[in-house]
Amino acid sequence: MVSYLGKMEVPSRVVDALISTGSNDILWVSDYGTWTEEEGGYSLYRAPSLSEWFKASCGALSRPELLEKLNLKGNYYDRVITAAGQARLTALEKAEEKIYDCEGRLLRSARKTLNWAR
């Protein structure tokens with residue numbers, strides 16, 4: 001099992017937790033986990049190799065930008081966002097949309113190359 005999970009790029013912290021959890025117990029994990037392996041965290045949202053490929057090809061919002069976007073989004077929903085805050089939120093959302101579009105094109109291109117397209 002450990003070998004398979006390693007091949008699937010499951011973070012070692014998650015594998016260790018799974019192994020140490022009894023068969024009668026439940027371990028809940030978040031798909032987003034914590035920020036990075038370097039910080040002692042993990043993410044199950046994407047395999048690290050896929051994340052690195054996307055980031056190298058399409059860029060990514062930085063952690064401070066992601067946190068800023070979340071904060072501004074909260075202000076938006078609480079109806080306390082300023083005009084400057086709204087402009088910044090719009091800019092961050094457009095940047096994120098551009099990244100997601102790039103990632104989609106990258107995946108479609110890879111699938112086409114591998115004849116996975118249907």
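Numbers below:
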quantity	calculated
Virtual spin-label span in nm between N24 and L66, 7 Å along Cα→Cβ	3.8 nm
Per residue solvent-accessible surface (Å²) - the stretch 59-118, probe of 1.4 Å	78 Å²
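The values are calculated or read from the model by the stated rules, or taken from the named source; none is laboratory data. Remember, it's a predicted structure, so these values are computed and weren't measured experimentally. All Cβ positions, glycine included, derive from the backbone under ideal geometry; neighbour counts span all protein chains shown. Just so you know, the surface numbers come from the protein's heavy atoms only, side chains and all, with ligands and any DNA or RNA stripped out. Shrake-Rupley method; radii C 1.70, N 1.55, O 1.52, S 1.80 Å.
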